[in-house]
Amino acid sequence: MGKSPIDLFVDGGPIMWPILLVSFGAVTVVLERMVFLLTENSSREPELVEKMLEHVEAGNYDAALGLGQPSKDYVARILVYALTHRDSMHNAFLRAANKEITRYQQGMAILDTCITASPLLGLLGTVTGMMATFGALGEGDIGASAGKITGGVGEALIATACGLVVAIIGLFPFNILNTRIERVKHDISDASNALEVVMKKAELGRIPASRV
């Protein structure tokens, strides 16, 4: 008859507790980030961003700000901050962009640490399990120590397997979240280029024809 998860946890030795803690940390970060992404995706308004850029191109900054200020779209928020500080627009854009990217990167360091630490903890469990096994072998009577020997081997295998499972499962959402962050960076970079283009057009539109 197979062992229950609780039995396997007990047989995995004391190292299973930090592995469990790491797995809880990874699950917490993943769930929080998924909720965050769903909320942010529902707030995206690319058509509004395009309209803001059209107003900027026409030199109507107040209209652009009026459209963007109520929006929860992260690109719109960046544009609003940049247009509000037109005297140093480039620096303002970078400041707002870094703030938005930081929001998307929250928790990623914790998830990365959990993915890295879990197989190392499993390896540590392997070492402690094999130490118990060799300790039992050193007692001389192998028959009498058979339970300790198999227990040490089992502890080593269970700890290693659990550490690897946590790392493998955590790797998929980690890569998905990183892909989403790269997409955000691309959207922000595209907005920066678009803003620069429309600002130049707006400036050229204000120059008298004789000076062009």
- Give me the lysines in straight-line cross-link reach of LYS201: C-alpha distance below 19 Å, same-chain residues under 8 apart excluded. LYS51
- For helix 108-137, report the angle its Cα long axis makes with the longest principal axis of the Cα atoms of the chain; keep it between 0 and 90° and round to the nearest 10°. 10
- Computed over the chain: longest principal axis from alpha-carbon atoms vs helix 146-206 long axis, angle to nearest 10 degrees, is 0
- Note on the structure: Restricting to aspartates and glutamates and to Cα separations under 16 Å from LYS3, and discarding same-chain partners fewer than 8 apart, the set is ASP11, GLU155
- Query: Taking Cα atoms, how many degrees apart are the long axis of helix 89-105 and the longest axis of the chain, rounded to 10 and kept between 0 and 90?
  - Reply: 30
- Item | Ordering of 113-121, 192-200 by burial proxy (mean other Cβ atoms within 10 Å per residue, highest first) | 113-121, 192-200
- Peptides 96-103, 84-91: what's the order by average Cβ count within 10 Å, highest mean first? 96-103, 84-91
- What is the spin-label model distance, in nm, from TYR61 to VAL27 if the labels are put 7 Å beyond Cα along the C-beta direction? 5.2
- Item | Rg(Cα) / (2.2 N^0.38 Å) computed for the stretch 8-201, rounded to two decimals | 1.62
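Each reported figure results from applying straightforward, stated rules to the coordinates on display, with no laboratory input. For clarity, every value in this text was computed on a predicted model and none was experimentally measured. Methodologically, a virtual Cβ is constructed for each residue, glycine included, from the backbone with ideal geometry; neighbour enumeration extends over all protein chains shown.
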